[in-house]
Amino acid sequence: MYLKTLYLHNFRLYEEAYFHFSPGINVIKGPNAQGKTSLIEAIYLLITGRSFRTSQTKDLIKNGATHFYLEATFVKHEIEQKLRLYYSPTERSVNYNSTASPSLSSVLGILQGVIIHPDDSAIVKGAPMIRRHLLDIQLAQTDPLYIHHLTRYDRAMRQRNHLLRAKSSAAIDSWEYEMGNAAAFIVQQRALTIEALNIQGQEHYRTICNGTETLQLSYKANGAGDHSLENLNILRDLYRNQYRRHRSREMDLGSTLTGPHKDDILITLNENDARTFASEGQQRSCVTALRLAEWSRLKDLSHEPPLMLIDDLGMSLDSSRKKQLIGHFKNLKQVFVSTTEESILVENEHSISVKDHLLL
């Protein structure tokens, strides 16, 4: 799989721009605040239906414009395909090979990819929500059923929380039943994914750090305790019983305290919690290894190499770790990396100057 072309209209700084890409390494060059990250962001939006810089999609519309539009051509399973995305505050649509959808999330699974960016250190030291989000994006790209259960769980929990705040037990059993079904599936799939990422992550971390330290990833399922995550029926009953048992206390608090929305990933180096004991350089190495593990898992499941996006290479890693990652580029097939450096990063790179495409 590789991205061939991308057209941007009223997206961030770009009024109109058209890019051709190499199936290999694409190096996006230019001064700061000239549109390098915006180009990476547009590709990421086509992969996930969301930005990695803002939670407000309307922020992506160019100042003074009413909408933005993206159009990409790419090759998947050796067939050229087309993906279009339109967004305005009142209308949004995705068109994939002439099949239309009104939801931006419908892009998930069409173009697969992983991103490394300067704020990634938050994966180690930030809130559990950031680590859960990483898992959700990874799983959503490969399993439509996961998105279905995640949506069902969120909807049922919002209804349950509404009833908890109203101190009403009317119909709450049905919402807890639905939450238990969805929670079991979500937790089981997350735990299996962490097992795969752990194996791949350890291998990549050894390469980055020359085998001097050991990275370990483990899934912490809030509410599941030490119970096996392999049996869906046991998990369903476990969560339903907990929702019933905690109902009275949670009515006082007005929110659900148990379930996959409270889960976390524990990241350790040499059996020490990386949040507390790892240096900034070690934390960035952990994240880089984890992102490469994500890439490897997507490739194994789809049997095609996903896209690798790296925003601001100089900011994301120090010189030694940057050198290690650059040496790994040739194994990643199509890479998009933004940098302020004008020198050649790798042989046979396809250099893209944003100044040549920026029309204000």
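The values are calculated or read from the model by the stated rules, or taken from the named source; none is laboratory data. Quantities reported herein were computed from a predicted structural model and do not represent experimental measurements. Neighbour counts run over all protein chains shown; Cβ positions are idealised from the backbone, glycine included.
Given the criteria out of contact with any strand residue (DSSP E or B) (no Cβ under 7 Å at 6 or more places or on another chain) and at pLDDT below 95, does Ser55 qualify? Explain how you work it out, then say what you get.
Working: out of contact with any strand residue (DSSP E or B) (no Cβ under 7 Å at 6 or more places or on another chain): yes; at pLDDT below 95: yes.
Here the answer is yes, as Ser55 does meet what is asked.
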Over the stretch 234-282, the set of residues closer than 26 Å to Arg158 by Cβ, in a loop (DSSP other than H, G, I, E, B) and touching an Asp or Glu at 6+ places or on another chain (Cβ under 7 Å) is Thr256, Leu257
When the stretch 262-296 is checked residue by residue, the ones that are under 19 Å from the mean Cα position of the chain (by Cα), under 15 Å from Tyr205 (Cβ atoms) and charged (D, E, K, R) are Arg284, Arg291, Glu294
Condition set buried (at least 17 other Cβ atoms within 10 Å of the Cβ) and modelled with pLDDT under 95, scope the stretch 77-107, selection farthest from Ala140 (Cα to Cα): answer is Leu104
So, first residue closer than 27 Å to Asn97 by Cβ in the stretch 51-72, second residue β-branched (Val, Ile, Thr), Cβ within less than 7 Å, six or more apart or across chains; the pairs are Ser51/Thr57; Phe52/Ile115; His67/Ile61; Phe68/Ile61; Ala72/Thr5
Within the stretch 108-127, residues being in contact with a helix residue (DSSP H, G or I) (Cβ under 6 Å, 6 or more places away or on another chain) and either buried (at least 19 other Cβ atoms within 10 Å of the Cβ) or closer than 18 Å to Ile47 by Cα (or both) number 10
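If I filter the stretch 50-75 down to residues being among the charged types (D, E, K, R) and over 20 Å from the mean Cα position of the chain (by Cα), which single residue comes out as farthest from Lys4 (Cα to Cα)?
Start the filter on the stretch 50-75 by keeping residues that are among the charged types (D, E, K, R), which leaves 50, 53, 58-59, 62, 71.
Now narrow it down to the ones that are over 20 Å from the mean Cα position of the chain (by Cα): 62, 71.
Working: Lys62: 24, Glu71: 11 Å.
Filtering first and then ranking leaves Lys62.
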Worksheet item: Has the stretch 31-47 got at least one residue that is at pLDDT below 95, outside the structural domain of Leu13 (by TED's automatic domain parsing) and over 30 Å from Ala221 (Cβ atoms)?
Response: no
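Somewhere in the stretch 244-259, is a residue closer than 14 Å to Phe185 by Cβ and among the hydrophobic types (A, V, I, L, M, F, W, C)?
At the first step, the residues of the stretch 244-259 found to be closer than 14 Å to Phe185 by Cβ are 259.
Now drop any that are not among the hydrophobic types (A, V, I, L, M, F, W, C), which leaves none.
Scanning the stretch 244-259 turns up no residue that is closer than 14 Å to Phe185 by Cβ and among the hydrophobic types (A, V, I, L, M, F, W, C).
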Worksheet item: For Leu290, are the conditions met, namely being assigned by TED's automatic domain parsing to the domain that holds Arg131 and either over 24 Å from Thr212 (Cα atoms) or out of contact with any helix residue (DSSP H, G or I) (no Cβ under 6 Å at 6 or more places or on another chain) (or both)?
Response: no
Restricted to the stretch 217-251 and to residues being at pLDDT below 95 and among the acidic types (Asp, Glu), the residue farthest from Arg132 (Cα to Cα) is Asp237
Given (1) out of contact with any helix residue (DSSP H, G or I) (no Cβ under 7 Å at 6 or more places or on another chain); (2) farther than 19 Å from Ile43 by Cα, Ile130 misses just (1)
